[in-house]
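Before any comments, here is the structure.
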Amino acid sequence: MKDLGLIQVYTGNGKGKTTASLGLAFRASGHGFKVCMLQFMKDCSDYGEVKAAQYLPGFVVIPVGRHDFVDLADPAPVDIELAGKGWEQAKKTIDSGEYDIVILDEINVAMACGLLPAADVAAFLTAEKRNVEIVLTGRYAPPEIIAIAHLVTEMQEVKHPYNDGVAARQGIDY
Ligand code: ATP
Ligand code: MG
């Protein structure tokens, strides 16, 4: 019996939150675990992780957002709709029994900017003990999520080349 069922959070303003969850997926895949990453607020087939998932048995990456920037201060109705649908898909995925680890990439941002109620997410994740590890990534993890998590790591920016004018780089940032 696999020893799973904890809630992990990777948050903070430094780089490495999505990367950390992908590293976890890589490691877990080595043990034959099944991993599903749902990417909130994203829909890009050019992301390295979307392309690479086919090479890891048991790993799937599914975008549930759209290929455009969400205005965090004033999200469009379509973003609220997509986040709601993504959350419905997340609940089904978690309860499907098909996956050992479910990564909800950028869901913290979706909650923080009002696309999804953090209280609903926290209530679902704590409603029953499941043998599924849940990973929530993204800046601004809401207090309701920090409260129910078993593992919280805050990536803190010390330096980022973006501040020196280096744009997002293929294979490094996406
Ligand atoms: P990564 O996907 O590289 O692990 P992340 O998940 O920690 O980064 P996000 O907040 O999801 O970071 O940001 C997504 C994009 O912004 C990535 O291209 C990432 O490299 C970049 N980024 C991350 N941290 C910073 C930062 N402190 N300043 C500017 N850009 C950043
Ligand atoms: Mg990220």
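For the range 108-174, applying the loop criterion from DSSP together with a ceiling of 11 other beta carbons within 10 Å to the trypsin sites (Lys or Arg not before Pro) yields LYS129, LYS159, ARG169. Note on the chain: with a GNM built from Cα contacts shorter than 10 Å, the maximum mean-square fluctuation among ALA53, ALA123, ALA149 falls on ALA123.
When a footprinting reagent is the concern and you count Cβ atoms within 10 Å, what order do GLU98, GLU133 take, fewest first? Show your work: numbers first, answer last.
Details: GLU98 14, GLU133 23.
Starting with the residue having the fewest Cβ neighbours, the order is GLU98, GLU133.
A Förster radius of 25 Å, combined with the Cβ-Cβ distance separating ARG27 from VAL158, puts the computed FRET efficiency at roughly 0.50. The distance linking the range 111-174 with the range 21-47 is 14 Å (Cα centroid to Cα centroid, whole angstrom). Rounded to the nearest whole Hz, the Karplus-based 3J(HN,Hα) values (6.51 cos²θ - 1.76 cosθ + 1.60, θ = phi - 60°) of the range 136-149 follow the sequence 10, 10, x, 4, 6, 3, x, x, 4, 7, 4, 5, 9, 6, with x at glycine and proline. Note on GLU128 and LYS51: the model spin-label points, each 7 Å out from Cα along the C-beta direction, lie 4.0 nm apart.
Taking the beta-carbon count within 10 Å as an exposure proxy, list SER29, SER45, SER21, SER96 from fewest neighbours to most. All intermediate terms of the calculation are to be shown ahead of the outcome.
On the way: SER29 19, SER45 8, SER21 22, SER96 12.
Arranged by neighbour count, lowest to highest, SER29, SER45, SER21, SER96 become SER45, SER96, SER29, SER21.
By count of other Cβ within 10 Å, fewest leading, how are ILE146, ILE107 ordered? Could the numbers behind the result be given before it?
Numbers: ILE146 16, ILE107 30.
Listed from fewest to most nearby Cβ atoms, that is ILE146, ILE107.
Partners of LYS85 within straight-line reach, counting lysines whose Cα lies under 21 Å from its Cα and excluding those fewer than 8 residues away in the same chain: LYS42.
For the chain, the orientation-averaged shadow of the C-alpha convex hull comes to 10.0 nm² (one quarter of the hull surface). Partner lysines whose Cα lies under 16 Å from the Cα of LYS129, excluding those fewer than 8 positions away in the same chain, are identified as LYS2, LYS91, LYS92. Taking 20 Å as the straight-line reach from the Cα of LYS51, the aspartates and glutamates in range (excluding those fewer than 8 positions away in the same chain) are ASP43, ASP68, ASP105, GLU106, ASP173.
Taken together, the values in this text are just the output of simple stated rules run on the coordinates, not laboratory data. If you're wondering where the values come from, they're calculated on a predicted model, not measured in any experiment. Ideal geometry is used to build each Cβ from the backbone, glycine not excepted, and the neighbour counts take in all protein chains shown.
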